1. Please go through (1) modelled with pLDDT of 95 or more; (2) within 25 Å of Pro192 (Cα to Cα) for Arg148 and return the number of the only condition it doesn't satisfy.
2. Name the residues in the stretch 61-89 that are closer than 22 Å to Gly135 by Cβ and not in a helix (DSSP H, G or I), would you?
3. What is the number of the single condition among (1) under 27 Å from Leu127 (Cβ atoms); (2) within 20 Å of the chain's Cα centre (by Cα) that Phe240 does not meet?
4. Mind checking whether some residue in the stretch 93-103 is surrounded by fewer than 16 Cβ atoms within 10 Å (Cβ to Cβ), part of a helix (DSSP H, G or I) and either free of Cβ contacts under 8 Å to residues at least 40 places away in the same chain or in contact with a strand residue (DSSP E or B) (Cβ under 7 Å, 6 or more places away or on another chain) (or both)?
5. Restricting to the stretch 1-12, name every residue that is in a loop (DSSP other than H, G, I, E, B) and under 12 Å from the mean Cα position of the chain (by Cα).
6. Of everything in the stretch 125-141, what is outside any strand (DSSP E or B) and either of a type in the set (Val, Ile, Thr) or within 13 Å of Thr14 (Cα to Cα) (or both)? Give them in sequence order.
7. Name the residue that is farthest from Ser91 (Cα to Cα), counting only residues in the stretch 104-132 that are touching a strand residue (DSSP E or B) at 6+ places or on another chain (Cβ under 8 Å) and of a type in the set (Val, Ile, Thr).
8. Sort through Thr167, Thr191 and tell me the only one that's closer than 14 Å to Gln244 by Cβ and out of contact with any Leu (no Cβ under 9 Å at 6 or more places or on another chain).
Amino acid sequence: MKQDWIAGKGAIVTGGASGIGRGIALEAAKAGAKVIIADLNEAMGQETVQMIEEEGGQALFIPTDVTDSRSLETFATQAAAYAPVCYLANSVGLQTYGTVDTTSEADWDRTIDVNLKGMFLATKAILPLIRKNGGGGIVHISSIQGKRCQKNVLAYSTSKGAVIAMTRSMGIDHAAEGIYINCICPGSIDTPMLRYGAGEHGPADEVIAEWGRNHPIGRVGQPEEVARTTLFLWSPDSNFIVGQALEVDGGLGSVIF
């Protein structure tokens, strides 16, 4: 259903080609936003655009490397020409596994570059557009593993914890401008990334069902559940929420194992 506060405005989703990012793009378009997707996967990015257009929405895909500031400068110029940008969701992410013993320097650098530096650079490129258009909202997608760790995810957990700290700092820096910045810490969400990880342990559907039973709600989440929370954090209804890390995790973070 279209919402007056977002209708006709530009909503950027990095990592919008699949997973949580695709979910955010679809929900934003339903609310009336002109969605701009930044991703490296052109085939899946265009597929997301097609899904939006088939439902009567508007969207644009721009191939973008969020770890490259020049690529983001080009993206920002094209996005600004498409719509008045007021909203950003940083959903691009990379899952890696390893301990300090087994994580290579290259894997460490790549994880930090995509999961942390990419969000910093995207925000740096897009925040001036939001400021120019009178303010809006930015949501970074962190993870429950940014607050609590499982074994063998050193680089990933570190990157997601840093996103939470970055969110707090950005939030207090820009709230007075009417730019409200928060992050979401999802639990297990049924995405291609989750299914890839599950497949390393057995049949994906069975493993995901088992993981879901670890959540008090009894299942894993769906991308649209994170997406709806993103839209709430973008909306005027949440303007007194600043620099927070909201857990959308089916109760997983409240459990003591």
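1. Tallying (1) modelled with pLDDT of 95 or more; (2) within 25 Å of Pro192 (Cα to Cα), Arg148 fails exactly one: (1).
2. Within the stretch 61-89, Ala83, Pro84, Val85, Cys86, Tyr87, Leu88, Ala89 qualify.
3. For Phe240, the exception is condition (2).
4. Looking for residues that are surrounded by fewer than 16 Cβ atoms within 10 Å (Cβ to Cβ), part of a helix (DSSP H, G or I) and either free of Cβ contacts under 8 Å to residues at least 40 places away in the same chain or in contact with a strand residue (DSSP E or B) (Cβ under 7 Å, 6 or more places away or on another chain) (or both), one finds none in the stretch 93-103, hence no.
5. Result: no residue meets the conditions.
6. If the condition is that a residue be outside any strand (DSSP E or B) and either of a type in the set (Val, Ile, Thr) or within 13 Å of Thr14 (Cα to Cα) (or both), then Ala125, Ile126, Ile130 are the ones that fit.
7. Ile130
8. Sole residue among the options that is closer than 14 Å to Gln244 by Cβ and out of contact with any Leu (no Cβ under 9 Å at 6 or more places or on another chain): Thr167.
The values are calculated or read from the model by the stated rules, or taken from the named source; none is laboratory data. Remember, predicted model here, so these are calculated numbers, not experimental data. As a convention, Cβ positions derive from the backbone with ideal geometry for all residues, glycine included, and neighbour counts pool all protein chains shown.
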